[in-house]
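Okay, so here's the structure we're looking at.
The values are calculated or read from the model by the stated rules, or taken from the named source; none is laboratory data. All figures in this text were calculated on a predicted structure; none of them were measured in a lab. Using ideal geometry, Cβ is built from the backbone for each residue, glycine included, and neighbour counts are taken over all protein chains shown.
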């Protein structure tokens, strides 16, 4: 018995239940990170390397957290740093 593994719609691969496959998930993730990197480089042009890295991480964190609060951005980056309340 052969199962229909994929249904193609606008370049996306779907499993029988209609879920997007992991292969396309990774592709989307890579494309998103590349776009964030490009955008961060544009707006941080002329800054030092540590500041450019900070800008990139803040933009990525805002996108991942879907929030602009610094504490939520920090949580979305999943780094092993304590979040201190001041």
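Conditions tested, residue by residue: (1) surrounded by 10 or more Cβ atoms within 10 Å (Cβ to Cβ); (2) touching a helix residue (DSSP H, G or I) at 6+ places or on another chain (Cβ under 6 Å); (3) at pLDDT 85 or above; (4) part of a helix (DSSP H, G or I).
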| residue | (1), (2), (3), (4) |
| --- | --- |
| 1 | no, no, no, no |
| 33 | yes, no, yes, yes |
| 52 | yes, no, yes, yes |
| 72 | yes, yes, yes, yes |
| 80 | no, no, no, no |
Of the numbered conditions (1) assigned to a loop (DSSP other than H, G, I, E, B); (2) at pLDDT 85 or above; (3) at negative phi, residue 46 fails exactly one; give the number of that condition. (3)
Matching residues in region 4-31 (at pLDDT below 70, part of a helix (DSSP H, G or I) and surrounded by 13 or more Cβ atoms within 10 Å (Cβ to Cβ)) number 0
Log entry, pairs with first residue in region 55-83 being in contact (Cβ under 8 Å) with a residue 24 or more places away in the chain, second being in a helix (DSSP H, G or I) and surrounded by 15 or more Cβ atoms within 10 Å (Cβ to Cβ), beta carbons closer than 6 Å, six or more apart or on different chains, reads 60/36
